[in-house]
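Chemist: Structure below; questions to follow.
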């Protein structure tokens, strides 16, 4: 038996390209420490919506692309995005049942754990001194979650992405 044919997968990859662009777009210096985790937000939204299409392999490839784009240690962002995707896939059934505010709280914890791993990797490579501001991107991302998820859901429904 043949499964349903995938349609409009280019929309997913275009949104990931947009997330990569947003993650390197210039921002004022005072807002730079709170830059949202755009790639993690978009990856989480697509993983929740289409877990059979977007998974850990996609996260790994996007992480390698982010590593090349940011000029960081090769595999660092790949590891972090794969970790986020693993946690989201593990909590997939529960997250879909939660109201939006509870999803934001769970994703605050998931993104906070990812930021801890990022801080640990940065400390190992000696790139950045540890500060308490490392959790700020996770908080901003959790606050942006309802809008990102709603926008991507509307795009997915209008364009029939499956």
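Chemist: Determine which single condition residue 52 fails, assuming it passes every other condition in (1) more than 16 Å from the chain's Cα centre (by Cα); (2) under 16 Å from residue 13 (Cα atoms); (3) crowded, with 17+ Cβ neighbours inside 10 Å.
Modeler: (3)
Chemist: Name, by its number, the condition in (1) within 30 Å of residue 71 (Cα to Cα); (2) modelled with pLDDT under 95; (3) over 14 Å from the mean Cα position of the chain (by Cα) that does not hold for residue 93.
Modeler: (1)
Chemist: If residue 49 satisfies every condition in (1) free of Cβ contacts under 8 Å to residues at least 60 places away in the same chain; (2) within 19 Å of residue 107 (Cβ to Cβ) but one, which is the exception?
Modeler: (1)
Chemist: Can you name the residue in segment 1-34 that is within 19 Å of residue 151 (Cα to Cα) and not in a helix (DSSP H, G or I) and, of all such residues, is farthest from the chain's Cα centre (by Cα)?
Modeler: Going through the qualifying residues, I end up with 7.
Chemist: Hey, another quick one. What residue, of 58, 44, is assigned to a helix (DSSP H, G or I), under 22 Å from residue 156 (Cα atoms) and within 10 Å of the chain's Cα centre (by Cα)?
Modeler: 44
Chemist: Something else: Does segment 117-140 include one or more residues that are at pLDDT below 95, buried (at least 16 other Cβ atoms within 10 Å of the Cβ) and either out of contact with any helix residue (DSSP H, G or I) (no Cβ under 9 Å at 6 or more places or on another chain) or not in a helix (DSSP H, G or I) (or both)?
Modeler: No.
Chemist: How many residues does segment 67-86 contain that are assigned to a helix (DSSP H, G or I), in contact (Cβ under 8 Å) with a residue 12 or more places away in the chain and surrounded by fewer than 23 Cβ atoms within 10 Å (Cβ to Cβ)?
Modeler: Summing the residues that are assigned to a helix (DSSP H, G or I), in contact (Cβ under 8 Å) with a residue 12 or more places away in the chain and surrounded by fewer than 23 Cβ atoms within 10 Å (Cβ to Cβ) in segment 67-86 gives 8.
Chemist: Still on this structure, I have one more. Can you give me the number of residues within segment 64-84 that are over 10 Å from the mean Cα position of the chain (by Cα) and over 15 Å from residue 120 (Cβ atoms)?
Modeler: The qualifying residues number 10.
The values are calculated or read from the model by the stated rules, or taken from the named source; none is laboratory data. Note that the structure is predicted; figures quoted are calculated from it, not measured. Cβ atoms come from the backbone with ideal geometry, glycine included; neighbour counts cover every protein chain shown.
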